[in-house]
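The values are calculated or read from the model by the stated rules, or taken from the named source; none is laboratory data. Computed from a predicted model, the values in this text were never measured in an experiment. Please note: Cβ atoms are built from the backbone with ideal geometry, for glycine as well, and neighbour counts cover all protein chains shown. These area figures cover heavy atoms from the full protein model, side chains too; ligands, DNA and RNA do not enter into them. Shrake-Rupley method; radii C 1.70, N 1.55, O 1.52, S 1.80 Å.
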Amino acid sequence: SSIIWRKKFKKKGRTLSFNVDQAYNSNETEGFLNSSNVFYNSEGILFKQDTVDQRKQNMSETFGVVGSGTMGNGIAQVAARAGFDVVMCDVGEEFLARGMKAIDQSLQRDVDKERLTAGEKSAITARIRTTTDVADLTAAVIVVEAVTEDLKIKQQVFQSVDPVIGPEAILASNTSSI
């Protein structure tokens, strides 16, 4: 059976429909997704229902992000702000430093506007650990890849992350054009 993801865009009043089976069960991505009991939440993040139910009972507090660019550091910031311990992984220390700088600047804007205290900002950034070693994602309950919009690179990320995370861990993709 086909699973259709629909997202309503509030500002434009349009709905986007996306056939998960056609997009993910092609020859290039075979094995990356089993579409039974799969759904997307309102942010477009992929979950398996049985895995989500298990997580509610036995949830780790570690959230992994692969990629520290604009989307990756934004996802890491939101997860850390929600209270998760975050492991942000990228191929080079220079990318991680740039990602952490962007997070620091974003949080500082919230401090300047009195939406956060300096202590809250420090606590959020302290929850984010950076690494270039994918093995550091082992404890993550969910790992979101946020790398460049290249299917082969995304497949390589899934192939490298899948063996190091637990069998119930959720491996999700952040993509806008694939």
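Can you figure out the FRET efficiency of Arg109 with Thr70, using R₀ = 22 Å and their beta-carbon distance, to the nearest 0.05?
Once the sixth-power term is evaluated, E becomes 0.90.
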Rounded to the nearest 10 Å², the 1.4 Å probe accessible area of Ser177 is 90
Roughly how many Å is it from the Cα centre of segment 113-131 to that of segment 140-178, as a whole number? 26
What percent do you get for the relative contact order of segment 119-178 when only Cα pairs under 8 Å and 6+ apart count? 41
Under-5 Å amide H pairs with Val143, H placed in peptide plane, nonlocal only: Gly64, Ile170, Leu171, Ala172
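Using a 10 Å cut-off on Cβ atoms, rank the peptides 107-117, 83-93, 155-165 from the highest mean neighbour count down.
Working: 107-117: 12.5, 83-93: 19.2, 155-165: 15.7.
Peptide ranking by packing, descending: 83-93, 155-165, 107-117.
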